[in-house]
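Values quoted throughout were computed directly from the atomic coordinates according to the rules given, and no laboratory measurement underlies them. This structure is a prediction, so every number in the text was calculated from the model and none was measured. Note that we place each Cβ from the backbone using ideal geometry, even for glycine, and neighbour counts take in every protein chain shown.
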Amino acid sequence: MKWISAAISPPFIRKSDSVTKIMADVLFALLPACGMAWVAFGAAPVLVILVACGSAVLAEFLFLRLYFGKTDTVADGSSLVTGALLACTLAPFTPLYAVAFGGIMAVLFGKVLHGGLGRNRFNPALVGREFMAVFFPAAMTSSAIWYDQKAVNFPSLDILPDAFLNTLVFNGSGAIGEYSVLFLVIGGIYLLLRNRISWHIPLALTLTFTLLFLAVSAGDYSFSPAGVLLGAIYMATDMPTSASTRTGRVYYGAMIGAVAVLCIAFGVRHAYMSYAILLLNGFVVPINWVFRTRVWGEKAHLPLRLAQGAGITVAILGMAGGVIWLHTQEWIMYLVLFYIAWCIGSFLFRQYKPDIALNDA
Amino acid sequence: MKQFSATKAVTKERKIEALAESPFLYMPLSAYHGHFARPTVQAGDRVLKHQLIAKADDPFSAHVHAPVSGQVLGVKEFPDPNGAMTPMLVLHNDFEGTCADLHEVPSSDPPPETILALLAAGGVVGEGGAQFPTALKYRTSGQRVNAFIINGVECEPYLTADYALMREQTAALFEGIRLINTLLLAKEVVIVIGADNRELETVFAPYLAQERYAGYRVLVVSEGYPHGSERQVVYAVTGLEMAPPMHPSAEGFVVSNVGTVVAACRALVDRVTMVKRVITISGEGVKQAGNYEVPIGTPVGFLLNQLDISPHHHTIVLGGPMMGRHVTDWASPVTKGSGGVLVLPREPVKRENCIACDRCTEACPMRLMPLKYAEGWRRNDLGMMKRHHLHVCIECGACEHVCPSNVPLMASIKAGKARLRQGG
């Protein structure tokens with residue numbers, strides 16, 4: 001006498017968690033920092049956030065339907081996170097058509113063409129941002145998008161006795177996600193407590209960045225602390241595009257910090273975090289191999305691992321030099337065009353495959 | 001994984017009870033995988049309790065004995081969880097419980113050289129799951145083993161059968177250890193228990209104080225899954241990381257489950273055969289959850305009927321929730337290696353893409369990167385699976401348990417291993 005036709009395989013109990021819950025936590029963590037954009041400039045930056053999120057979700061829906069004929073993953077919230085993170089890197093008065101373009105490109109070239117969630121090599125939000133910089137250079141480099149006297153809501157907040165502490169809570173200049181160091185950190189602590197990120201990348205990144213910056217800079221350079229934190233806590237920790245083991249994450253974070261300082265030292269003024277993270281995204285596969293776990297009973301093979309580590313470090317620094325050179329030549333555009341060709345090519349020639357689903361009841 | 005102890009709390013304090021016997025018994029002829037016993041009775045034969053009904057032809061299989069008296073209905077083929085047909089002897093219980101003439105029970109210890117024969121005659125196999133015949137496991141090359149490790153770390157959620165056994169049949173446990181060790185002459189005898197069962201130390205204390213059990217020690221390992229897996233227990237005792245294909249026995253470590261040792265004691269002292277075992281019946285769908293002693297061969301469906309459980313809205317599992325198997329058929333029997341029958345909520349599993357969150361890497365007791373197996377299988381890249389030491393995986397299921405995307409990691413692992421066995 002049979003009760004049920006097909007047997008399912010163990011484990012039969014699962015931790016109650018899902019992609020949707022992870023994405024909801026990231027959005028929740030970003031919310032206070034994004035709220036400060038309203039404090040700074042009122043409705044304009046809020047509109048940027050909404051357009052970025054809306055265009056990302058819409059793009060995901062349309063392209064999934066078009067390419068894969070299924071839209072069941074739209075509700076996982078990952079495109080909302082992409083949109084929100086993209087908005088965080090943008091200026092408060094970015095033209096909305098450019099924002100919508102960025103949201104669509106972030107999802108299409110950042111995620112969908114690679115096979116959807118988790119299959120992408122590069123951080124989708126930063127991909128969207130680079131597309132905007134390349135295709136709307138005039139709008140993106142105009143100084144008008146960064147400040148509008150008429151829109152200022154609160155020039156500063158005086159809630160703490162010390163002026164410096166007040167700027168940590170609120171500092172009304174920079175990109176939409178960069179107005180509050182305090183809220184970025186609180187959001188990061190929330191993600192840490194919820195086990196959505198690990199401390200390795202943010203800590204290694206900020207430490208390396210700070211130390212190298214102090215070593216390199218004699219007061220000639222400047223950087224945005226909130227921008228570095230936004231990158232360290234929310235961008236560099238993006239799961240699919242970051243390193244997979246603890247040691248790998250420390251290395252990955254540290255190298256992002258190093259490449260970012262290198263970019264600053266050679267004159268990359270705004271995009272240093274974006275370049276550094278995207279560059280290291282590209283090296284995640286070899287990093288995961290060199291910093292793979294030492295399997296139970298396996299010898300450490302330390303000299304070999306060190307040699308391999310030195311090898312990829314040289315490769316990363318070499319590539320960083322190349323990117324900085326392209327940037328100074330204003331040829332980043334060609335890099336993006338090459339990326340577009342690569343995405344389309346790999347989409348056409350590699351068949352999309354879902355994870356195998358055996359024995360599902 | 002603290003929440004696991006909550007699942008055990010339901011049955012932990014429950015005494016071992018008996019249930020009514022089933023009118024039909026389905027005696028599995030398989031023991032250690034792929035090895036079968038050959039029936040020695042035919043349809044229509046009358047059999048007595050403890051009578052030999054199937055004989056082991058090779059050292060990897062084990063004798064099967066009738067757990068009740070009654071009539072043989074015949075050998076039937078049943079599908080096992082992998083779909084392969086396996087033979088079972090079907091018995092019809094006459095409820096008279098007439099015992100076969102057992103050997104005369106001597107008052108003195110069996111001499112060490114007869115121990116293996118007695119264990120083989122009793123059909124004693126490992127109760128931990130793999131059902132490895134003890135007569136083969138304890139066959140040493142004449143050298144003293146380095147350690148005899150008695151595994152009482154029942155790390156699967158819900159299961160408390162081993163705990164109940166250690167608490168209620170402590171005397172048999174210690175006698176079993178002593179008798180087996182007259183053969184093994186282990187340099188060290190260690191009973192390993194989980195931190196959640198620390199109170200057993202006081203249960204063991206009077207025994208440990210006795211002269212005849214001198215030198216035995218109890219090791220408490222931290223709570224968590226899969227801390228009771230054989231290699232993790234050996235690591236806890238010796239600090240040695242033994243990855244497959246290397247087996248602890250190769251280094252002179254003998255690991256036995258507590259239930260196995262108690263069954264061995266019964267075979268060596270009382271000279272009775274292995275025809276029953278203690279299982280935990282638990283899960284969200286069970287009202288009278290507890291630890292029950294049941295005859296081997298009892299259909300899971302009959303157990304559910306006894307406890308008034310409908311199988312239709314639940315997932316019925318034989319064994320633990322992490323490594324057990326899904327029971328789809330009324331007649332699927334309790335085997336010598338099943339630690340429990342679980343009635344779990346039937347929930348659809350939503351599979352999503354891997355997002356490389358690396359929970360699986362952190363959960364893996366062998367420090368593997370399970371996400372690479374799902375990726376390797378998806379890309380049809382067996383090389384990737386090999387490079388990441390697929391053969392070291394002990395298939396404990398911890399990775400898939402924690403996966404937020406419910407990626408079919410275990411299916412990838414099993415499929416990958418099967419492909420590699422066929423030579424890729």
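Please work out the Cα center distance from the range B:39-94 to the range B:179-248, rounded to the nearest Å. So the separation of the two Cα centres works out to 34 Å. Where does helix A:302-328 land angle-wise versus the long Cα axis of chain A, in degrees 0 to 90, nearest 10? For A:302-328 against chain A, the angle is about 50 degrees.
With bins 5 Å wide beginning at 0, the percent of Cα pairs of the range B:359-421 falling in each bin runs 4, 23, 36, 25, 12, 1.
Compute the signed sum of charges (Lys and Arg +1, Asp and Glu -1) over the other residues within less than 9 Å, Cβ to Cβ, of B:V258. Kindly include the intermediate steps, with their values, before the conclusion.
Numbers: positive: none; negative: B:E127, B:E154, B:D162.
For residues surrounding B:V258, the net value is -3.
Rounded to two decimal places and with Rh computed the Kirkwood way over Cα pairs, what is Rg over Rh for the range B:247-338?
Numbers: Rg = 15.5 Å, Rh = 14.9 Å.
Computed over Cα atoms, the ratio is 1.04.
Share of antiparallel DSSP beta bridges in the protein assembly as shown, in percent to the nearest 5?
Details: 39 of 62 bridges.
Rounded to the nearest five, the antiparallel share is 65 percent.
Note: chain B, Cα convex hull, 142 Å³ per residue. Reported to the nearest whole Å, the Cα centre-to-centre distance from the range B:145-173 to the range A:1-58 is 44. Only DSSP H runs of four or more residues enter the estimate; each adds -39500 (n - 2.57), and after division by the residues of chain B the mean residue ellipticity at 222 nm equals -7500 deg cm²/dmol. Per-residue 3J(HN,Hα) values for the range A:168-182, derived from phi via the Karplus relation 6.51 cos²θ - 1.76 cosθ + 1.60 with θ = phi - 60°, read 6, 6, 8, 9, x, 9, x, 7, 4, x, 10, 7, 9, 4, 4 Hz in sequence order (x marks Gly and Pro).
The 3J(HN,Hα) values that the Karplus relation (6.51, -1.76, 1.60; θ = phi - 60°) gives for the range B:296-302 are, in residue order, 4, x, 5, x, 4, x, 5 Hz. Gly and Pro appear as x. Across A:H114, A:H270, A:H301, mean-square fluctuation computed from a Gaussian network of chain A (C-alpha pairs under 10 Å connected) peaks at A:H301. The antiparallel fraction among DSSP beta bridges confined to chain B stands at about 60%. Among the trypsin sites (Lys or Arg not before Pro) found in the range B:199-300, those both in a DSSP coil and sparsely packed, with 15 or fewer other Cβ atoms within 10 Å of their Cβ, are B:K287.
Packing, as the average of other Cβ atoms within 10 Å across residues, places the peptides B:397-408, B:34-45, B:200-211 in the order B:397-408, B:34-45, B:200-211, highest first. In the range B:359-421, a dipole from Cβ-located charges (positive for Lys and Arg, negative for Asp and Glu) runs towards its positive end, and of B:C393, B:P404, B:L382 it is B:L382 whose Cα lies farthest in that direction. With the alpha-carbon atoms of the protein assembly as shown aligned to their principal axes, the span from lowest to highest coordinate is 102, 54, 52 Å, starting with the largest.
For the range B:1-123, what is the Kirkwood hydrodynamic radius in Å, using each pair of distinct C-alpha atoms? Computed over the range B:1-123, the radius equals 16.9 Å.
Among the residues of B:358-364, the average count of other protein chain beta-carbon atoms within 10 Å of the residue beta-carbon is 4.
Answer with one residue from A:Y251, A:V99, A:M319: the one whose Cα lies farthest towards the positive end of the charge dipole of the protein assembly as shown, charges on Cβ with Lys, Arg +1 and Asp, Glu -1. Highest projection toward the positive end goes to A:M319.
With 10 angstrom as the radius, rank A:D238, A:D72, A:D148 by how many other C-beta atoms surround their C-beta, starting from the fewest. Before the final figure, lay out each step's value.
Numbers: A:D238 24, A:D72 10, A:D148 13.
Neighbour counts put them in this order, fewest first: A:D72, A:D148, A:D238.
Mind checking which helices in chain B clear 27 Å along their axis (Cα) and have mean Kyte-Doolittle hydropathy of 1.0 or more, DSSP H runs only? Walk me through the numbers on the way to the answer.
Values: long enough: none.
Membrane-span-like by this criterion, though nothing is claimed about a membrane: none.
Which log10 I(q)/I(0) values does the range A:99-161 give at q = 0.28 Å⁻¹ under the Debye formula, counting every alpha carbon as one identical point scatterer? Ignoring solvent entirely, the Cα scatterers give -1.08. When the Cα centres of the range B:301-357 and the range A:141-155 are compared, how far apart do they sit, in Å? Spelled out, the Cα-based centre of one part sits 62 Å from the other. A dipole drawn for the protein assembly as shown from +1 and -1 charges on Cβ atoms has a positive end, and of A:V57, B:V262, A:A260 the residue lying farthest that way is A:A260. Among A:L126, A:L207, A:L306, the largest mean-square fluctuation in a Gaussian network model of chain A (Cα springs under 10 Å) belongs to A:L306.
Computed over chain A, the per-residue total of -39500 (n - 2.57) for DSSP H runs of n ≥ 4 gives a 222 nm mean residue ellipticity of -19500 deg cm²/dmol, rounded to 500.
What does the highest-first list of B:46-59, B:173-186, B:362-375 look like by mean Cβ count within 10 Å?
Values: B:46-59: 18.4, B:173-186: 21.2, B:362-375: 23.3.
For the peptides B:46-59, B:173-186, B:362-375, the packing ranking is B:362-375, B:173-186, B:46-59.
Volume per residue of the convex hull around the Cα atoms, evaluated for the range B:317-385, comes out as 160 Å³. With Rh defined as the Kirkwood radius, the inverse of the mean 1/r over Cα pairs, the Rg/Rh of chain A is 0.99. Rounded to the nearest 10 degrees, the angle from helix A:96-110 to the longest Cα principal axis of chain A is 30 degrees. Once R0 is set to 56 Å, what does the formula 1/(1 + (r/R0)^6) return for the Cβ-Cβ distance between B:D94 and B:R379, expressed as a FRET efficiency to the nearest 0.05? Once the sixth-power term is evaluated, E becomes 0.45.
Please report, in debye to the nearest 20, how large the charge dipole of chain A is about its Cα centre when each Lys and Arg carries +1 at its beta carbon and each Asp and Glu carries -1 there. Spell out each step's value before the answer.
On the way: 22 positive and 16 negative charges, 250 e Å.
With only Lys, Arg, Asp and Glu charged at Cβ, the dipole is about 1200 debye.
Using a 10 Å cut-off around each Cβ, can you sort A:V285, B:V278 from fewest to most neighbouring Cβ atoms? List each step's numbers first, then the result.
Values: A:V285 11, B:V278 24.
So the ranking, lowest neighbour count to highest, is A:V285, B:V278.
Taking Cβ atoms as reference points and 12 Å as the exclusive limit, the residues near A:V169 contribute a net charge of -2, counting Lys and Arg as +1 and Asp and Glu as -1. For the range B:21-275, the Cβ-based charge dipole about the Cα centre amounts to some 480 debye (Lys, Arg positive; Asp, Glu negative; other atoms uncharged). Exposure proxy shown here: for B:F132, A:F223, the number of other Cβ atoms within 10 Å sets the order, fewest to most, as A:F223, B:F132.
Close amide-amide hydrogen proximity is noted between B:L19 and B:E293, each under 5 Å apart and 5 or more residues distant or on a separate chain (H modeled in the peptide plane; Pro and chain starts excluded).
What does the charge count near B:K417 come to, summing +1 for each Lys or Arg and -1 for each Asp or Glu among other residues with Cβ under 13 Å from its Cβ?
Values: positive: B:K386, B:K414, B:R419, B:R421; negative: B:E395.
For residues surrounding B:K417, the net value is +3.
Under a Cβ-only charge scheme (Lys and Arg +1, Asp and Glu -1), can you give me the dipole magnitude of the range A:1-90 about the Cα centre, in debye to the nearest 20?
Taking the Cα centre of the range A:1-90 as origin, the dipole is about 320 debye.
With 19 Å as the limit, write out which pairs from A:K2/B:K414; A:K2/B:K76; B:K12/B:K287; B:K49/B:K336; B:K336/B:K417 have Cα-Cα distances beyond it, or answer none. Result: A:K2/B:K414; B:K336/B:K417 exceed 19 Å. In degrees between 0 and 90, to the nearest 10, how far off the longest principal axis of chain A does helix A:19-41 point, with axes built from Cα atoms? Roughly 10 degrees between the two axes.
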